[in-house]
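The values are calculated or read from the model by the stated rules, or taken from the named source; none is laboratory data. The structure presented is a predicted model; accordingly, all values stated were derived computationally and were not measured. Cβ atoms come from the backbone with ideal geometry, glycine included; neighbour counts cover every protein chain shown. Just so you know, the surface numbers come from the protein's heavy atoms only, side chains and all, with ligands and any DNA or RNA stripped out. Shrake-Rupley method; radii C 1.70, N 1.55, O 1.52, S 1.80 Å.
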Amino acid sequence: MQELFDQLKEYLNMDTEISFEEFDAYYKKVLDFLNDKWTTLNEEDSMNMLFILDNLKSNSDDRAKRRGKETKKYQKISKRTEIWAAAIINRLREFGLNDEEISKRYEAIYEAV
């Protein structure tokens with residue numbers, strides 16, 4: 001989990017955009033992790049995963065607007081990350097967090113990155 005989070009921070013601090021191939025490989029690593037371990041994530045890791053998913057979704061949305069050969073692939077990534085983000089939000093609610101607390105903690109992660 002920490003490796004995925006650190007990799008995202010590295011991407012966010014880059015001056016250039018990664019290729020579709022690298023974007024897709026990272027996305028697939030995130031999905032593989034979620035498929036195997038999402039129910040074992042603690043509260044902090046769930047918040048970090050929400051941050052990862054939100055960034056994947058917003059970046060795939062942005063790239064899909066460019067109308068290139070990967071447009072449909074980016075749209076698919078966006079939809080799948082949105083579904084996973086909803087599942088993670090529900091998990092955070094199970095931990096006892098309300099939407100305002102989730103939002104505040106998300107902003108804290110954003111500010112720290």
Of all residues in the stretch 36-63 being under 17 Å from TYR26 (Cα atoms) and polar (S, T, N, Q), which is surrounded by the fewest Cβ atoms within 10 Å (Cβ to Cβ)? SER58
Is there any pair with a first residue in the stretch 9-33 that is over 23 Å from LYS69 (Cβ atoms) and a second that is open to solvent by 30 Å² or more (accessible area, probe 1.4 Å) whose Cβ atoms are under 7 Å apart and which are 6 or more apart or on different chains, and what are they? LYS9/VAL113; LEU12/VAL113; PHE33/MET1
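Residue-wise test of (1) in a helix (DSSP H, G or I); (2) open to solvent by less than 100 Å² (accessible area, probe 1.4 Å); (3) more than 27 Å from GLU21 (Cβ to Cβ).
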| position | (1), (2), (3) |
| --- | --- |
| ARG67 | no, no, no |
| ILE77 | yes, yes, no |
| ARG80 | yes, no, no |
| ALA85 | yes, yes, no |
| ARG93 | yes, no, yes |
| GLU101 | yes, yes, yes |
| LYS104 | yes, no, yes |
| GLU111 | yes, no, yes |
